[in-house]
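Here is the structure we will look at.
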């Protein structure tokens with residue numbers, strides 16, 4: 001599929017306009033095609049190259065992807081660098097932002113997707129690190145049918161946002177979406193006892209979920225750039241197949257009638 005990339009700046013109550021990067025698929029001869037939507041939440045560095053490439057991968061499967069910039073209260077939509085200052089800023093803003101503001105961002109991203117004429121109205125969510133936690137919280141929205149959460153931080157310690165006292169695990173019973181929770185066995189950001197606490201809470205809340213812990217994976221193992229030696233392409237591919245399986249089952253596409261028009265091929269590289 002051909003992917004068109006745009007963005008939309010959306011006003012927020014908590015402060016500043018939030019830039020939502022949009023990745024939209026198209027299929028030749030199907031001008032009325034409609035696609036499900038997926039919200040992609042970024043790690044603490046905002047929408048970086050690896051996050052954009054992840055969003056394009058998903059869009060190429062036939063989903064409209066919305067990737068919001070999380071730190072609009074503190075800075076612009078530009079990504080932070082994968083270095084010391086970028087890491088420090090991302091970690092500082094992660095706990096300076098209100099949990100209610102994170103939830104507002106998720107709602108606005110879903111609103112943006114379902115408001116598109118080309119969206120079927122069915123929505124999923126995914127994300128990595130901080131974004132894995134935000135995808136989990138996005139699944140509290142009844143409009144969200146499925147979520148894939150990669151190495152979601154701070155769920156086990158209920159330490160997201162201002163005051164470091166989120167209610168994510170306590171609200172597990174409110175999640176009606178199907179979840180896939182992915183954590184590397186060697187992830188020192190979410191220790192074994194933390195993963196056990198998440199799994200136990202989801203079981204007790206009656207959530208439909210899969211839980212995958214690849215043996216040799218570290219934190220951020222799907223980040224394909226400047227990953228400090230953690231990137232594992234093979235495991236990333238396996239996890240992406242899990243994402244495809246869940247979203248294909250839960251969301252689906254509606255292509256509409258085929259137009260039958262000739263396809264113009266451009267003579268460009």
Review point. Does segment 14-23 contain any residue that is touching a helix residue (DSSP H, G or I) at 6+ places or on another chain (Cβ under 7 Å) and over 23 Å from residue 111 (Cβ atoms)?
Key: no
Study note, to complete from the structure: When every residue in segment 86-107 that is under 17 Å from residue 76 (Cβ atoms) and without any contact (Cβ under 8 Å) to a residue 24 or more places away in the chain is compared, the one surrounded by the most Cβ atoms within 10 Å (Cβ to Cβ) is 89
Point to revise | Conditions (1) free of Cβ contacts under 8 Å to residues at least 60 places away in the same chain; (2) in contact with a helix residue (DSSP H, G or I) (Cβ under 8 Å, 6 or more places away or on another chain); (3) crowded, with 24+ Cβ neighbours inside 10 Å: number failed by residue 55 | key: (2)
Review point. Do we find a residue being loosely packed, with under 14 Cβ neighbours inside 10 Å and in a helix (DSSP H, G or I) anywhere in segment 250-269?
Key: no
Review point. Counting only residues that are surrounded by 14 or more Cβ atoms within 10 Å (Cβ to Cβ) and farther than 27 Å from residue 62 by Cβ, which one in segment 205-216 is farthest from the chain's Cα centre (by Cα)?
Key: 205
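Let's see how each residue does on (1) farther than 21 Å from residue 146 by Cβ; (2) crowded, with 18+ Cβ neighbours inside 10 Å:
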| position | (1), (2) |
| --- | --- |
| 188 | yes, no |
| 200 | yes, no |
| 203 | no, no |
| 218 | yes, yes |
| 234 | yes, no |
| 238 | no, no |
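Just so you know, all these numbers are worked out from the coordinates, no wet-lab data involved. From a predicted model like this one, the values you see are computed outputs, not experimental measurements. Note that we place each Cβ from the backbone using ideal geometry, even for glycine, and neighbour counts take in every protein chain shown.
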